[in-house]
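Q: Sending over a structure as structure tokens; questions will come in a sec.
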Amino acid sequence: MKRTKQAPKEDYAARLRDIEIQLEAARCRWNQTVDECLIDSCIYEISSLYKQYQYYLRQAKNAGFTAFEGRRQTV
């Protein structure tokens, strides 16, 4: 039997903000990198962070989250 523990709603917003910050940093590194291996690394990191973002966005939506504080976007 697999158990899943759901985070409180406020944790979703915090996790999504953290991932957004990490995504921005990874994109900046990607834009400044010239080495082929490091570019590949940045691409994988961005892809991984994007998948995490999609996961937490879906979890927030399923938990009834409708909007982020201070934003006009809806989940």
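The values are calculated or read from the model by the stated rules, or taken from the named source; none is laboratory data. Given the structure is predicted, the values throughout are model-derived calculations rather than measurements. Don't worry about glycine lacking a Cβ; one is built from the backbone with ideal geometry, like all the others, and counts go over all protein chains shown.
Q: Identify, please: which residue in the stretch 36-50 is in contact with a Lys or Arg (Cβ under 9 Å, 6 or more places away or on another chain), hydrophobic (A, V, I, L, M, F, W, C) and under 10 Å from residue 26 (Cα atoms) and is, among those, surrounded by the most Cβ atoms within 10 Å (Cβ to Cβ)?
A: Among those that are in contact with a Lys or Arg (Cβ under 9 Å, 6 or more places away or on another chain), hydrophobic (A, V, I, L, M, F, W, C) and under 10 Å from residue 26 (Cα atoms), it is 42.
Q: Kindly indicate whether any position in the stretch 7-16 is in contact with a Phe, Trp or Tyr (Cβ under 7 Å, 6 or more places away or on another chain), part of a helix (DSSP H, G or I), modelled with pLDDT of 90 or more and not β-branched (Val, Ile, Thr).
A: Yes: one or more hits.
Q: Related question: Working only within the stretch 41-70, note down all residues that are of a type in the set (D, E, K, R) and at pLDDT 95 or above.
A: 45, 51
Q: Given (1) modelled with pLDDT of 95 or more; (2) of a type in the set (A, V, I, L, M); (3) surrounded by 13 or more Cβ atoms within 10 Å (Cβ to Cβ), where does residue 21 come up short, assuming only one miss?
A: (3)
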